[in-house]
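Here's the structure, in structure tokens; my notes come after.
Every number in this text was worked out from the coordinates using simple rules, so none of it is lab data. Source: prediction; values computed, not measured. Here the Cβ positions follow ideal geometry from the backbone for every residue, glycine too, while neighbour counts run over all protein chains shown.
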Amino acid sequence: DFAKLKRMGQIRKLSPSDFEWFGKFLLESLGYQDVHVTEKVGDKRGDGGIDLTGTFDGTRFYGECKRWKTGLDGTDVLPIAIVRSLGGVMVRDGIKRGVVITTLRADHSCISEGARMGVGVLGAPEIVAAMQRIRPSFKDSTTGPVLRVLQAILGGFWFFWVDEGKKRKRRRRR
């Protein structure tokens, strides 16, 4: 039962298949409808680059789930190629909305590229914020202070994270 998960670390330990089912649970909890996990055909890559399908506000969407400890470059940032890949599959199939669900975080380039392509990103901070809405006892200290999920209607359903606890220090010029 995914609603019983208490920490991001538990989510990162899910198998890739279980993480796709967790993605289905998460999207349904956030108001997406008719969410289905894509069946694999043949080898591991048999889903054609699409892990989830469904609708949001009557519009079809595709979803891609990436449960990774680190990105391809060894950081905790989602590679922009994942967003572009999903966007390409969406163009091929005439789908206007997509979402990447990942245990990594999305930097500004992923978010802005996704916005241009119709792809929203639910990264680790957004997953934590969403789980805190679903299950208030969900805790995670590794993603930073207070997180909020903000919804903006820009032709889709977008998620951004706000870190209210960190303030940047200004560098003094000498």
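Tabulated data for the structure shown
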| item | result |
| --- | --- |
| Scattering profile of region 13-124 at q = 0.13, 0.20, 0.21, 0.22 Å⁻¹ [log10 I(q)/I(0), Debye over alpha-carbon scatterers] | -0.43, -1.09, -1.20, -1.32 |
| Extension gain (nm, one decimal) between residue 84 and residue 108, 0.36 nm per residue minus Cα-Cα | 7.2 nm |
| Separation of the residue 7 and residue 116 label points, Cα + 7 Å toward Cβ, nm | 3.9 nm |
| Where labels lie 7 Å past Cα in the beta-carbon direction, separation of residue 25 and residue 92 in nm | 3.0 nm |
| Contour minus Cα-Cα distance for residue 33 and residue 134 (0.36 nm per residue) | 34.7 nm |
| Relative contact order, percent, region 35-114 [alpha-carbon distance under 8 Å, six or more residues apart] | 29 percent |
| Contour excess over end-to-end distance, with Cα ends at residue 15 and residue 60 and 0.36 nm allotted per residue | 13.6 nm |
